[in-house]
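Participant: Right, I'll just put the structure down here and ask away after.
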Amino acid sequence: MTSSELWTRETAERYDAGEAEMSSAAVLGPTLAFLAELAGDGRALEFAIGTGRVGVPLRERGVPVAGVELSEHMAAVLRRKIDEDTLPVVIGDMATTVVPGEFALVYLVYNTITNLLTQDEQVECFRNAARHLRPGGRFVIELGVPQLRFLPPGQVAVPFDVSERHLGFDTFDLVEQILVSHHFTHDGDDGRYRRATSRHRYAWPAELDLMARIAGLELERRVADWDGAPFTQDSAKHISVWRKPA
């Protein structure tokens, strides 16, 4: 089903080090509080759980968490942190893989729905979330707003990070709604940069709302960050919550 690019062992092994800032208490604190409140006394399912950046500390807060992960290499890194009985993970794609039981919360963070490179697959991801939710349960997505406002006529690239150790920019295919993220990372002290690229299908908030309606979900709220700031036309990302009718 999935067109997602598969994370390799090499990428999985260096993932946590590269995302140290995103794993900090300052970043994770509001994220975990937001998700734990929605889960309540129920179970949570993380699509594309990766190395467990969010799922492991959420489980440590007392929320029963299960995961779906396409890359066995990413799941292997997670497994070093927590055992299968405490946080079970099913290897498979987030558009079709079914995990036993019902959940109060299904969540998909850090732009990961864009790893599905077709609209049909993204719709199926919503349907799969709805399939797992109990009545009244929520589906949460964290997703950046496409930065097309920064593109002057004739330009197709937008930088998103220019720092001492990393250069990053996105290039856009406006017809296919595909962006390619380009990363140049300075490894070691020899002056060399490691290059990596990844493809993503970007989607607008209104497009996601229509996908949710197709899956039988209703938009409950949309905010600009995990702290709950209002979502505006200038917001760089959104946290959207859809509810399965009771």
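The values are calculated or read from the model by the stated rules, or taken from the named source; none is laboratory data. Bear in mind that the values here come from a model prediction, so they are computed numbers and not experimental data. Don't worry about glycine lacking a Cβ; one is built from the backbone with ideal geometry, like all the others, and counts go over all protein chains shown. SASA here: full protein model, heavy atoms, side chains in, ligands and nucleic acids out. Shrake-Rupley method; radii C 1.70, N 1.55, O 1.52, S 1.80 Å.
Participant: If packing is taken as the average number of other Cβ atoms within 10 Å across a peptide's residues, how do 165-172, 235-242 rank, most packed first? Walk me through the numbers on the way to the answer.
Facilitator: Working: 165-172: 15.9, 235-242: 19.0.
Put in order of decreasing packing, that is 235-242, 165-172.
Participant: For the range 85-96, just list the computed ³J(HN,Hα) in residue order, Karplus coefficients 6.51, -1.76 and 1.60, θ = phi - 60°, integers in Hz, with x standing in for Gly and Pro.
Facilitator: Once rounded to whole Hz, the list reads 5, 7, 9, x, 10, 9, 7, x, 8, 7, 8, 9.
Participant: Taking only complete DSSP H runs, can you tell me which helices of the chain stretch 18 Å or more along their own long axis by Cα positions and average at least 1.0 on the Kyte-Doolittle scale?
Facilitator: Correct list, ordered by number: 25-39.
Participant: Right, here's the next one. Run the accessible area of the chain with a 1.4 Å probe and give the carbon-and-sulfur part as a rounded percent. Before the final figure, lay out each step's value.
Facilitator: On the way: 6400 of 12190 Å².
In the chain, the share of accessible area belonging to carbon and sulfur is 52 percent.
Participant: In whole angstrom, how far apart do the alpha carbon centroids of the range 1-71 and the range 150-193 sit?
Facilitator: The distance from the Cα centre of the range 1-71 to that of the range 150-193 comes to 24 Å.
Participant: From the backbone phi of the range 171-185, what are the Karplus-calculated ³J(HN,Hα) couplings (6.51 cos²θ - 1.76 cosθ + 1.60, θ = phi - 60°) in whole Hz, Gly and Pro given as x?
Facilitator: 10, 10, 9, 6, 7, 8, 6, 10, 10, 10, 8, 10, 10, 10, 10
Participant: Using a 10 angstrom cutoff on alpha carbons, build the Gaussian network for the chain and name the most mobile of Leu28, Leu45, Leu217.
Facilitator: Leu28
Participant: Rolling a 1.4 angstrom probe over the protein heavy atoms, how many square angstrom per residue are accessible across the chain? The partial results should precede the final answer.
Facilitator: Numbers: 12190 Å² over 246 residues.
Here the residues of the chain average 50 Å² of exposed surface.
Participant: Let me ask you something else. Mind sorting out which of (1) 21.0, 72; (2) 17.7, 59; (3) 18.1, 52 is the real Rg and Dmax of the Cα atoms in Å computed from the coordinates?
Facilitator: Label (2) holds the value from this structure.
Participant: Would you mind pulling out the separation of the Cα centroids of the range 84-106 and the range 213-246, in Å?
Facilitator: 22 Å
Participant: Which ³J(HN,Hα) values, rounded to whole Hz and listed in residue order, are derived for the range 101-106 from phi using the Karplus coefficients 6.51, -1.76 and 1.60 in 6.51 cos²θ - 1.76 cosθ + 1.60 with θ = phi - 60°, glycine and proline given as x?
Facilitator: For the range 101-106, the Karplus curve yields x, 10, 10, 7, 8, 10 Hz.
Participant: While we're on this one: Taking the Cβ of Val109 as the center, what net charge do the other residues with Cβ under 10 Å away carry, scoring Lys and Arg +1 and Asp and Glu -1?
Facilitator: On the way: positive: Arg53; negative: Glu46, Glu142.
Here the count lands on -1.
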